[in-house]
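Trainee: The structure follows.
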Amino acid sequence: MTIKYTVYYATKSSFKQEELTAIFDSCQLVGKDQQLVKASDAFDIRPVDVRTDEPLERDLAAMVKHKAKSAFRSLLAPCIVEHAGLVLEGFENGNYPGGLTQPMWDALGAEDFVKSLDWAGKNVIARAVVGYCDGARVNVFKGETKGILTDKPRGDRRFYWDTIFCPDGGNGKTYSEIYEQQGIGEKMRLSQSAKAIKEFMQMALLNPSELYPE
């Protein structure tokens, strides 16, 4: 019988909460006996709105480690946090703009954000990092989806850069358009966030002592 783990997901975003539900509805994990396990049977991940500290770093993993520790201090319970950003092709090792994506986006808006990156070309990587903190240590898990930037925003679901990012495998549609035309399940099939969260759950299922020490 699979043990069900309770983990809190520190987020204020209704978009992320909706996407987390979709991940559970579709995600299957591989158990120790090589049998498929539904994510919802193995984990109870509960979104919770708590204060977290998020330093400004290009390196998403560094940001997430700090954020996860601050979330644990607020909750005093095992928890995960997430942060995502875009990384320009050719600047993967420099993580640019990476963790700076959010402040650039907030300052410039969708169209000017795209214009500010014209010099680098259209190819980008959407990168999500999930950090899990048990109070003693932080483990990080990464998900990536390659794609291109549009010239102008397309779609009405204005979650971060969903209106300007066309993922590989999405038939030239932005995440926002995929959500509106094909549903959230199709968006999450391609999503970097879903990949990172699945990586966390798979690791915890196969190696619980790594994440849940005695």
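Trainee: In whole percent, what relative contact order does the chain give with Cα contacts below 8 Å and a gap of six or more residues?
Mentor: Once normalised by length, the contact order is 19 percent.
Trainee: A follow-up question, please. Tell me the per residue accessible area of the chain using a 1.4 Å probe; a whole number in Å² is fine.
Mentor: 49
Trainee: Enumerate the amide H contacts of Y8 below 5 Å, restricted to partners 5 or more residues apart or on another chain; note that Pro and chain-start residues carry no placed amide H.
Mentor: Residues meeting the amide H criterion: R46, C79, I80.
Trainee: Over the chain, what number does the Rg to Rh ratio reach, with both radii from the alpha-carbon atoms and Rh per Kirkwood?
Mentor: 0.97
Trainee: Mean separation of Cα pairs under 8 Å and 6+ residues apart, divided by the residue count of region 79-171: what relative contact order is that in percent?
Mentor: 28
Trainee: For the pairs K38/K173; K69/K146; K142/K198; K38/K65; K146/K173, note any where the Cα-Cα span goes beyond 19 Å.
Mentor: Flagged as over cut-off: K38/K173; K69/K146; K38/K65.
Trainee: Using Cα atoms only, what is the angle between the long axis of helix 60-75 and the major principal axis of the chain, expressed in degrees (0 to 90) to the nearest 10?
Mentor: On a 0 to 90 degree scale, this one is about 50.
Trainee: Which whole-Hz ³J(HN,Hα) couplings does region 143-150 yield from phi under the Karplus relation 6.51 cos²θ - 1.76 cosθ + 1.60, θ = phi - 60°, glycine and proline marked x?
Mentor: x, 9, 9, 7, x, 10, 8, 7
Trainee: Here is a follow-up. Give me the percent of the accessible area of the chain that comes from carbon and sulfur atoms, probe 1.4 Å, all protein chains in place.
Mentor: Carbon and sulfur atoms account for 47 percent of the accessible area of the chain.
Trainee: Could you check the spin-label model distance between K12 and S209? Points 7 Å from the Cα along Cα→Cβ, value in nm.
Mentor: 4.1
The values are calculated or read from the model by the stated rules, or taken from the named source; none is laboratory data. Here the structure is a predicted model, which is why all the values come from computation and not from measurement. Backbone-built Cβ (ideal geometry, glycine too); neighbour counts: all protein chains shown. These area figures cover heavy atoms from the full protein model, side chains too; ligands, DNA and RNA do not enter into them. Shrake-Rupley method; radii C 1.70, N 1.55, O 1.52, S 1.80 Å.
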